[in-house]
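Comments concern the structure below.
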Amino acid sequence: MNLVELIEQFGTDAQCRQTLEHLRWPKGVTCPACKSDKISRIFGRDQFDCDSCRYQFSATAGTIFHDSHLPLTKWFLATYIVAESKKGISANQLKRMLSISYKTAWYLYHRIRKAMEEANPKPLSGTVELDETYIGGKRRYVGRGSLEGKTMVLGAIERGGDVRLRVEKRKKASKKVLHATHETVNHRAEEWVRGDVHTNGIEVVWSLFKRSIVDSYHQISAKHLDAYLDEFEWRFNQRENPNLFRDTLIRMVKTPKMEMKKLIEKPA
Ligand SMILES: [Zn+2]
């Protein structure tokens, strides 16, 4: 899908709403409260009425779109931009592109990311490359080999397959983890050399990752790093999916609502 098709198909809120309804209930609308399929449309409103339990709801009720004052057309544009930007974009850029406030853009971006999170990632198999990288920290330590203030990110990639990234939080154990990781990497390296000559998959991931996230990491709190990793993973693992935009929307309409206060509260 290109931009012209996007505007043609999702240029109005009615088009967007109809699409979400279909993506959420491909076999027909069911009640989120009691699962009944005896549903009536409420005339003149974008709502349904459950004939069994009388619950009234919209296509976006209880989802990540819940209670948003932003027009659905902007949600669709934002989702398209985020899903299609190979290196990701900043909330500031989203703000400018959609003529919305920074706060709205930031919250919007976080909710799209939430939908990109893999709740139950399947284990990687076959030849898996492991590596770690460090990001953030004080600028003055850059290039001096110090790990002070940096956050370690562990990465694993299945050859020709999916990548998994996560923040390594165990600070004290990090040396141990590092060591184990290197052993595995070295061990795997022997396998690669005997096999076909191939690119070092995880290096490609880090290079993409650093260009997209690390460059702006000094503005990103460690608390939200996991969310950035989720976004990166989703886009990378779906890199050959021609229906990435649609599939992202499906995730969004199946992801429960997330409130702003959850995002800004201090970690425990
Ligand atoms: Zn019901």
remark   = Residue hits (region 86-119; farther than 23 Å from GLU240 by Cα, of a type in the set (A, V, I, L, M) and part of a loop (DSSP other than H, G, I, E, B)) are ILE100
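Kindly evaluate ALA33 against the criterion of being small (Gly, Ala, Ser) and either surrounded by fewer than 12 Cβ atoms within 10 Å (Cβ to Cβ) or away from the ligand (no atom under 16 Å from the Cβ) (or both). Explain how you work it out, then say what you get.
Numbers: small (Gly, Ala, Ser): yes; either surrounded by fewer than 12 Cβ atoms within 10 Å (Cβ to Cβ) or away from the ligand (no atom under 16 Å from the Cβ) (or both): no.
No.
Sort out which residues of region 51-79 are closer than 24 Å to LYS114 by Cβ, within 16 Å of the ligand (Cβ to nearest atom) and either over 28 Å from the mean Cα position of the chain (by Cα) or surrounded by fewer than 20 Cβ atoms within 10 Å (Cβ to Cβ) (or both), and write them in order of number.
Of all residues in region 51-79, those closer than 24 Å to LYS114 by Cβ come to 57-79.
Now narrow it down to the ones that are within 16 Å of the ligand (Cβ to nearest atom): 57-59, 61-62.
Within region 51-79, PHE57, SER58, ALA61, GLY62 meet the criteria.
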ask   = Do we have any residue at all in region 86-108 that's buried (at least 19 other Cβ atoms within 10 Å of the Cβ), modelled with pLDDT under 95, at positive phi and among the small types (Gly, Ala, Ser)?
value = yes
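In region 23-45, what residues are hydrophobic (A, V, I, L, M, F, W, C) and part of a loop (DSSP other than H, G, I, E, B)? Break it down into steps so the answer makes sense when it comes.
Of the residues in region 23-45, the ones hydrophobic (A, V, I, L, M, F, W, C) are 23, 25, 29, 31, 33-34, 39, 42-43.
Selection gives TRP25, VAL29, CYS31, ALA33, CYS34, PHE43.
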task = Determine whether PHE48 is surrounded by 15 or more Cβ atoms within 10 Å (Cβ to Cβ), within 11 Å of the ligand (Cβ to nearest atom) and not in a loop (DSSP other than H, G, I, E, B).
result = yes
message = Can you pull out every residue in region 36-45 that is near the ligand (Cβ under 9 Å from one of its atoms) and under 24 Å from LEU72 (Cα atoms)?
response = ILE39
request  = Determine, yes or no, whether LEU20 is within 28 Å of VAL4 (Cβ to Cβ), part of a loop (DSSP other than H, G, I, E, B), hydrophobic (A, V, I, L, M, F, W, C) and more than 11 Å from the ligand (Cβ to nearest atom).
outcome  = no
ask   = Since TRP234 meets every condition but one in (1) in a helix (DSSP H, G or I); (2) within 28 Å of LYS169 (Cβ to Cβ); (3) at pLDDT below 90, which condition does it not meet?
value = (3)
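The values are calculated or read from the model by the stated rules, or taken from the named source; none is laboratory data. The structure displayed is predicted, hence computed values, not measured ones. So basically every Cβ, Gly included, is an ideal-geometry build from the backbone, and we count neighbours across all protein chains shown.
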